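Data block below; observations after.
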Amino acid sequence: MLNSIIFYVFASVAILSAALMVTRRNAMHSAVFLITTLLATAGIFLQLRAEFLFIAQVILYVGGIMVLFIFVIMLVSLDTAVHQMQFARRKWVVLFIALALGFEVGFALWSTRGMPGHGLPVQMAAPADKLPPNSEALAGTLFHSYLLPFEIASVLLLVAMVGAVVMAKKRT
Amino acid sequence: MMPAGHYLFLSLALFLIGVIGVVSRRNVIVVLMSIELILNAVNINLVAFSRLFGDVSGQVFALFIIADAAAEAAVGLGIIIAFFRNRETVLADEMDLLKW
């Protein structure tokens, strides 16, 4: 009962502030609403007993990436951008793409409604008090089965770091 | 845990809002933020199924997606800064240097 109340509160906050993020004119307001969405998603991770991802989401997304975004928004001139037109003149294309995608995925969900886990309450999911400690299980899987992808991800981050520095450097 | 369909529909709604943002906004920074929203919607799916099947591989994958999002944001914002320095604009439809 409490579980579902928590889920619905976080889900409605996430969807509402995501919609506000897309529709606000001011990029800074969009950033703040995106932070709200990310925090609500972090709450849903916690409700799903993914404690490590909850922490990673708060520290990495909200503390790292969004600070970077806000930094750049403040760096490029905000005042002139607000008064320009913010939406492209192709409302019908946007509406069509959104409706088509929504119909497609919704139909996929609807047509698989008999499969375990969708719609039906799940018997498979372990009760919350039977789960292994989350960080421990995650670390075991990450460093045993996914060691090579982990190393590749570190190379990717190194490349992205060098790339970002080169991109943002002033040409002399 | 809630029925998995609830998580799927939450993820679908966030994904669609992100797609609308990517297609309809002119400000490139907001487009990048919408892409972050899309990646985040995918993460909800992965974590929900990871909980459903009792297998933490989904959470490992979500962790990789977060790392990818960080890399993408860093490079994308670097490009935006470089472009703003050259052309004094952040609007997507004025970025036509490669257009013939």
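The set of residues from the range A:76-96 being part of a helix (DSSP H, G or I) and modelled with pLDDT under 85 comprises A:Leu78, A:Asp79, A:Thr80, A:Ala81, A:Val82, A:His83, A:Lys91, A:Trp92, A:Val93, A:Val94, A:Leu95.
Could you list, in sequence order, all residues of the range B:11-26 that are at the interface with chain A (Cβ under 7 Å from one of its Cβ atoms) and open to solvent by less than 10 Å² (accessible area, probe 1.4 Å)?
Our first condition is that a residue be at the interface with chain A (Cβ under 7 Å from one of its Cβ atoms); within the range B:11-26, this holds for B:12-14, B:16-17, B:19-21, B:23-26.
If the condition is that a residue be at the interface with chain A (Cβ under 7 Å from one of its Cβ atoms) and open to solvent by less than 10 Å² (accessible area, probe 1.4 Å), then B:Leu14, B:Gly21, B:Arg25 are the ones that fit.
One residue is enough: does the range B:64-86 have a residue meeting the conditions assigned to a helix (DSSP H, G or I), over 28 Å from A:Val155 (Cα atoms) and more than 7 Å from chain A (Cβ to nearest Cβ)? Taking every residue of the range B:64-86 in turn, at least one turns out to be assigned to a helix (DSSP H, G or I), over 28 Å from A:Val155 (Cα atoms) and more than 7 Å from chain A (Cβ to nearest Cβ). Within this structure, A:Val58 passes the test of being in contact (Cβ under 8 Å) with a residue 12 or more places away in the chain, under 22 Å from B:Ala71 (Cβ atoms), among the β-branched types (Val, Ile, Thr) and open to solvent by 30 Å² or more (accessible area, probe 1.4 Å). For the range A:1-40, what are the residues that are closer than 15 Å to B:Met2 by Cβ, within 9 Å of chain B (Cβ to nearest Cβ) and not hydrophobic (A, V, I, L, M, F, W, C)? Hits for the range A:1-40 are A:Asn3, A:Ser4, A:Tyr8. The single condition from (1) among the acidic types (Asp, Glu); (2) closer than 30 Å to A:Lys169 by Cα; (3) without any contact (Cβ under 8 Å) to a residue 60 or more places away in the chain that B:Asp55 fails is (2).
All of (1) closer than 24 Å to A:Val165 by Cβ; (2) touching a helix residue (DSSP H, G or I) at 6+ places or on another chain (Cβ under 6 Å); (3) open to solvent by 20 Å² or more (accessible area, probe 1.4 Å) hold for B:Leu98 with one exception: (2). A single member of A:Ala125, A:Ala160 is at pLDDT below 75 and either closer than 23 Å to A:Ile55 by Cβ or more than 8 Å from chain B (Cβ to nearest Cβ) (or both), and it is A:Ala125.
The values are calculated or read from the model by the stated rules, or taken from the named source; none is laboratory data. This one's a predicted model, so the numbers in the text were calculated from it and none came from an experiment. In this analysis, Cβ positions are derived from the backbone assuming ideal geometry, glycine residues included, and neighbour counts consider all displayed protein chains. The protein model used for the area step is the full one, side chains on, heavy atoms only, and it has no ligands, DNA or RNA in it. Shrake-Rupley method; radii C 1.70, N 1.55, O 1.52, S 1.80 Å.
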